[in-house]
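Take a look at the structure set out below.
What follows draws every value from the coordinates through simple rules; no lab data is involved. Since the structure is predicted, the reported quantities are computational estimates derived from the model, not experimental observations. Cβ atoms come from the backbone with ideal geometry, glycine included; neighbour counts cover every protein chain shown.
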Amino acid sequence: MKKFNEKLSGRVFFILALSSISMLALITVFIISRGVPLIANVGLKNFFGMTWAPSRGLFGITPMIIGSVSVTLGAAIIGIPIGLCCSIFLAEFAPVRMREIFRPAIQLLAGIPSVVYGFWGLLFVVPFIRNYLGGAGLSILAGSIILGIMILPTIISISEASILAIPKQYLYKEGALALGLTQLQTIRFVLLPAAKSGIVSAVILGIGRAIGETMAVIMVLGNSVALPTSVLDPVRTLTTNIGIEMGYAKDEHQQALFATGIVLFIIIMILNSTAQYLTRRKR
Amino acid sequence: MEEFKPESRPSILKTEAINLYYGSFHALKNVTVGIPQRAITAIIGPSGCGKSSLLRVFNRLNDLIPGARLEGNVLLGDDPIYSRTMSVETLRKRVGMVFQRPNPFPMSIYENIIFGPKHHGIKNKGELENILHRSLSQVALWEEVKDRLKKSAFELSPGEQQRLCIARALAMEPDVVLMDESCSALDPESTMKIEELMLELKEKYSIVIVTHNMEQALRISDMAAFIMIDDSKAGTLVEFAPTKNMFSSPKDTRTLDYITGRYG
């Protein structure tokens, strides 16, 4: 009886575990089955064209790709230096007590719902840009700032962990200091290179997070489907395009949104698997 | 070997009644030693007596330990090293260190050697290659590695890695080389090689070693400093004398007990 129970519970766990994988499969199949036919029907030239006008049968997502890339790039420019400096500070400079305050605080940053980020951006960042830099405020810059903050927890926690994971017995730090390098040189030329793969995957995962984010940016980007000429212009990203139009899209239009999803799916899959490859590869 | 006469040698490093504290822990008490130039000085003593602490006083590596505090003067030549007039970086350029375990950086053999000089401002490639050739030759590693300079330093055997680390320290052309039990992680053959190397290097450099190995101290060192913890658990200098004299006629009974293996 006992043995039977053991066996049974093993099965139950297996089935539950399987269900999470099958959800992934289900969603993937669904998105592909809805999206691919549209791309096949209208052709790659239309789909990757410059004009998004579903009512006229034009499904060009290039403006949205440009939107996603520009906002993500902006988030990276803002978030990566801050995140890296913060992780270096936590791993190498901060006294233990301060670390104990910083770490949970940064985790908390990851726990704030994205709609709250968006709301804060709309009420604080957007007016700030409008008043001091010009334009409508709803802009690439606003989205970049919000996303730059949102990717901080990912970048900080993974880079810090990878700096701290350099085995102490290798005496890299002592070795470099004993050669008369300053603390900053030691970090720059020994510790960061030793933690490089972890830091790169932290950055990649942060970028993946920025590309995938929808709710926060929908509220601050302005969402117009036009080619931006400056960081103060509004844009629409791949994600916000789906978020905005899914409510009323039908037929081909709806399929086009799923096709947009496929593009996002592929981008994020590439980013995540690169990050995983880098983390797993050991010297 | 002729008798070593410390009087005939000026000290390159001197501590003047120093006290070292880690927080409230008194690690070294009232230690006065003068490290003679171009000779090998061995710091010996039981585990935990403060040998490594004393060694790390000389390149201020104790500064890394939170709460570490030093009282008293330490002079490199005539320059006080715990003062604003000498930066820690300058000090460590002049006082190199080799650690207990080989600790090459995760880079090529070439990059390991030129690492110090490069980051102290030597950019000329020819000059760096001279340094590379000279340092590796000094540790008798040049012939072994000259065809694989671009290979990772981790591909070398532990003994070779340790010699690489010595070469890395020598690349800075220091006055003093500190060696913290630098043979204890190596096999006997590699140990012999490194001991031979030290005897060659002392023609040019002043060497301070920490060792647990009494035979080693007797084999290669000219001077020996015997440190032991006193009743208050602080490390004190019991005896500082030419090694031969210390081993043949120790002045202190505690030294006699230690070198004859009665404790430690």
Anyone know which of A:ILE267, A:ILE199, A:ILE145 comes out most mobile in the 10 Å Cα GNM of chain A?
A:ILE267
Row for the range A:1-98, column shape: gyration tensor on C-alpha, a ≥ b ≥ c, rounded if a/c < 1.5 i.e. under 1.5, prolate if a/b over b/c, else oblate; value oblate
Lysines near B:LYS5 by alpha-carbon distance under 24 Å, same-chain residues fewer than 8 away left out - which ones?
B:LYS14, B:LYS51, B:LYS202, B:LYS204, B:LYS244, B:LYS251
Using alpha-carbon positions, what is the distance between the centroids of the range B:64-116 and the range A:37-97, in Å?
46 Å
Would you list, by chain and number, the aspartates and glutamates whose Cα falls below 13 Å from the Cα of B:LYS151, excluding same-chain residues fewer than 8 positions away?
B:GLU111
Using Cα pairs under 8 angstrom and six or more residues apart, how large is the relative contact order of the range B:9-259, in percent?
28 percent
Restricting to the protein assembly as shown, compute how many DSSP beta bridges are antiparallel as a %, nearest 5.
60 percent
With runs of 4+ DSSP H residues as the only contributors, calculate the mean residue ellipticity of the protein assembly as shown at 222 nm using -39,500 (n - 2.57) per run, divided by the residue total and rounded to the nearest 500.
-16500 deg cm²/dmol
Helix axis angle, A:140-150 relative to chain A longest principal axis, alpha carbon, degrees:
40 degrees
Considering only C-alpha atoms, what is the centroid distance from the range B:170-245 to the range B:118-133, in Å?
29 Å
Distance between the range A:135-207 and the range B:1-61 - C-alpha centres, whole angstrom:
39 Å
With a/c under 1.5 counting as rounded, go ahead and sort chain A into rounded, prolate or oblate using the C-alpha gyration tensor (a ≥ b ≥ c being the square roots of the eigenvalues; past the cut-off, prolate if a/b is larger than b/c, else oblate).
oblate
How far is helix A:96-111 tilted, in degrees, relative to the longest principal axis of the Cα atoms in chain A, given as a value from 0 to 90 rounded to the nearest 10?
10 degrees
What lysines sit close enough to B:LYS123 to cross-link, taking a C-alpha to C-alpha distance under 19 Å and skipping anything fewer than 8 places away on the same chain?
B:LYS93, B:LYS150
Please give the residues of the range A:17-55, grouped as numeric ranges, whose backbone N is less than 20 Å from a label point set 7 Å along the Cα-to-Cβ vector of A:GLN276.
A:17-32
Please compute the contact order of the range B:110-242 in relative form: average sequence separation of alpha-carbon pairs under 8 Å and at least six residues apart, divided by the residue count, as a percent.
20 percent
Counting only other chains, and only Cβ atoms inside 10 Å, what mean value do you get across the residues of B:99-105?
5
per DSSP, antiparallel bridges as share of beta bridges in chain B, % nearest 5, sits at 60 percent
In the Gaussian network model of chain B, springs joining C-alpha atoms below 10 Å, which of B:GLY23, B:GLY72, B:GLY116 carries the largest mean-square fluctuation?
B:GLY23
Just need the relative contact order of chain A here, percent rounded to a whole number, with Cα pairs under 8 Å and 6+ apart.
26 percent
Which angle between 0 and 90 degrees, to the nearest 10, do you get for helix A:2-47 versus the longest principal axis of chain A when only C-alpha atoms count?
50 degrees
Across A:166-177, the residue-averaged tally of Cβ atoms belonging to other chains within 10 Å stands at 5
Counting pairs on different chains as well as pairs 8 or more places apart, how many Lys pairs in chain A have Cα atoms under 18 Å apart?
4
Based on the alpha-carbon gyration tensor of the protein assembly as shown and its eigenvalue square roots a ≥ b ≥ c, which shape applies: rounded if a/c is under 1.5, prolate if not and a/b is larger than b/c, or oblate?
prolate
Counting Lys +1, Arg +1, Asp -1, Glu -1, what net charge surrounds B:GLY159 among other residues with beta carbon under 14 Å of its beta carbon?
-4
I want the local charge near B:GLU16. Using Cβ-Cβ distances under 14 Å, sum +1 for each Lys or Arg and -1 for each Asp or Glu among the other residues.
-1
Between A:THR182 and A:VAL115, the FRET efficiency computed from the C-beta separation at R0 = 45 Å comes out, to the nearest 0.05, as 0.50
